[in-house]
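Data first, discussion second: the structure below is written as structure tokens.
Please treat every number below as a calculation from the coordinates, not as lab data. From a predicted model like this one, the values you see are computed outputs, not experimental measurements. When we count neighbours, we look across all protein chains shown, and the Cβ atoms used for this are built from the backbone with ideal geometry, even at glycine.
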Amino acid sequence: MNTEIHCDVAVVGSGPAGLSAATALRQAGVNRVLVFEREPEAGGIPRHCAHPPYGVREYGRLMTGPRYAQRNVAAAEAAGVDIRTRHTVVALHPGGALDLATPDGMLRVVAKRVLLTTGARETPRSARLISGDRPVGVINTATLQSALYLEHFKPFEAPLIVGTELVSLSAVMSCRRAGIRPVAVVEPNPRPTARWPLTLFPRLCGIPLHLNTELAAIYGRERVEGVQLAGPDGARSTIACDGVLLTGRFTSESSLARLAPHLSVDAGSSGPVVDQYGRCSDPAYYAAGNVLRPIETAGWSWREGRAIAGCIAADLACDLPAASEVIPIHVQSPLKYCVPQRLVPSTHSGLAELQLRVVEPVRGTLMVSDGLRPLWRASGAFLPERRIRVPLGDPAFLSATALDIGFESSP
Ligand SMILES: Cc1cc2nc3c(=O)[nH]c(=O)nc-3n(C[C@H](O)[C@H](O)[C@H](O)COP(=O)(O)OP(=O)(O)OC[C@H]3O[C@@H](n4cnc5c(N)ncnc54)[C@H](O)[C@@H]3O)c2cc1C
């Protein structure tokens, strides 16, 4: 290792969560705050998401992604944050030591605290088990936007869009702006994932939406030439297209934590296990933003970054309760995850709520219990990729030895 530098807080990733946290840490009087970003420019995903809505609650105005990213960078720099781009963190060691690959060679950073804000990514083709050929032109939304707005080239003219999460609308908007004409949107489930009326958007743009339809195979020698679809009754049909845009099915960008035996990773959220302060299983490490769970909006991640920065500042001032005793939170199927995964029995403020998601639609009563008695209940319809929030204000949560969360009636 060539060089070693020391700091109070090292932030890994310069998206909305990382930059808002770094800014808040400086504003809270933390001295040396460094942000490390692997890309040539800071700002995270919004840098290449050239449409609104960004920034309404944070800055009181509707912005495009690049403008919002610039605003976050400017705020961090004005607060005295040291942002280092082209710095890729490659290993996390116990106690806050990091290895980085930089244009000047390897770097060791020793931080009193480390904040992981590495975001989330869409599932690529390799993890989706789609059969057929392996031609060029099968990409995710973030890659499309990066090609259009950062590299200024169109990867295709008439792609098939797969998926109807909120991000698929971002894909449709990006295609429209670039003059790309998607041939169809397909969704394997009987209903679109994003909320009505947003799901009307592709149809309003003249793009057919096929529900109950799977992408069965991709064809093409060099470039994509067509796809085979499996419809509701299993019937196969072929559509000509020159690309496939695989949207959504996000997973946390937690590979650094997965390679670090001192950090526990939650199978449900795919992110690091944290308490209500965003503190990981190694107490020198914290996490915020979409690395905690796929996926929330930029504004949510930005606010979460600030909240967790407040906890880190308190920790550095020896004012945060230790994680020596924790209340584990267990979720039952069809719940997918709960973030945080555990609570420290303390009323010191941190994240204000538990964040939950289901893997399939459920109509019923969601209940939090201490194993003996119900502590909290909510009835209704719960849909995949929609927020489920449980407020953390009830002191009974903190006197439990463990919390169980599940549905009273089955789906
Ligand atoms: C296509 C798309 C469209 C979207 N549209 C909207 C929208 O219109 N409005 C909205 O509110 N939200 C939108 N979102 C969601 C929003 O972009 C995210 O919620 C937000 O960017 C999350 O912020 P973050 O800080 O958690 O992570 P990110 O913005 O993902 O930032 C993570 C950063 O960490 C860096 N990084 C990762 N690993 C390392 C490493 N090892 N070393 C150094 N750096 C690393 C990455 O390069 C990246 O810059 C969209 C998301 C996508 C994918």
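Numerical summary
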| read-out | value |
| --- | --- |
| Dipole in debye (nearest 20) - region 194-271, about Cα centre, beta carbon charges: Lys, Arg +1; Asp, Glu -1 | 120 debye |
| Extended-chain gain in nm, criterion 0.36 nm per residue less alpha-carbon gap, LEU383 and ALA317 | 19.6 nm |
| Helix-derived mean residue ellipticity, 222 nm - over the chain, DSSP H n ≥ 4, -39500 (n - 2.57), to 500 | -5000 deg cm²/dmol |
| Theoretical gain in end-to-end length, HIS6 to PHE153 [0.36 nm per residue, Cα-Cα removed] | 48.8 nm |
| 0 to 90° range, to nearest 10: angle between helix 16-27 axis and the chain longest Cα axis | 20 degrees |
| Dipole axis of region 317-411 (+1 Lys, Arg; -1 Asp, Glu on Cβ), positive-most option in LEU320, LEU383, VAL358 | LEU383 |
| Cut-off 17 Å, label 7 Å out along Cα→Cβ of LEU62, residues of region 171-198 by amide N | 173-174, 177, 197-198 |
| Spacing of the two label points (7 Å from each Cα toward its C-beta) at GLU360 and THR401, in nm | 3.3 nm |
| Within region 322-411: Cβ-based charge dipole about Cα centre, in debye rounded to nearest 20 (Lys, Arg +1; Asp, Glu -1) | 260 debye |
| Residue order, fewest to most surrounding Cβ atoms within 10 angstrom, among LEU169, LEU383 | LEU383, LEU169 |
| Average Cα contact separation per residue, region 124-248, under 8 Å, 6 or more apart, as relative contact order % | 35 percent |
| Viscosity 1.002 mPa s, 20 °C: Kirkwood-radius Stokes-Einstein D of the chain over Cα pairs, µm²/s | 96 µm²/s |
| Counted charge near LEU19, where neighbours are those whose Cβ lies closer than 15 Å (Asp, Glu -1; Lys, Arg +1) | +1 |
| Farthest positive-ward along the chain dipole, Cα basis, beta-carbon charges - from ALA402, ALA230, LEU100 | ALA230 |
| Choice from PRO159, PRO391, PRO46 with maximal GNM fluctuation in the chain (Cα, 10 Å cutoff) | PRO391 |
| Cα-projected label distance for ASN212 with THR347, points at 7 Å along beta-carbon direction, nm | 5.4 nm |
| Candidates PRO53, PRO294, PRO272, ranked by Gaussian network fluctuation over the chain, Cα under 10 Å, top entry | PRO53 |
| Residue exposure sequence - ARG57, ARG191 - by fewest surrounding Cβ within 10 Å | ARG57, ARG191 |
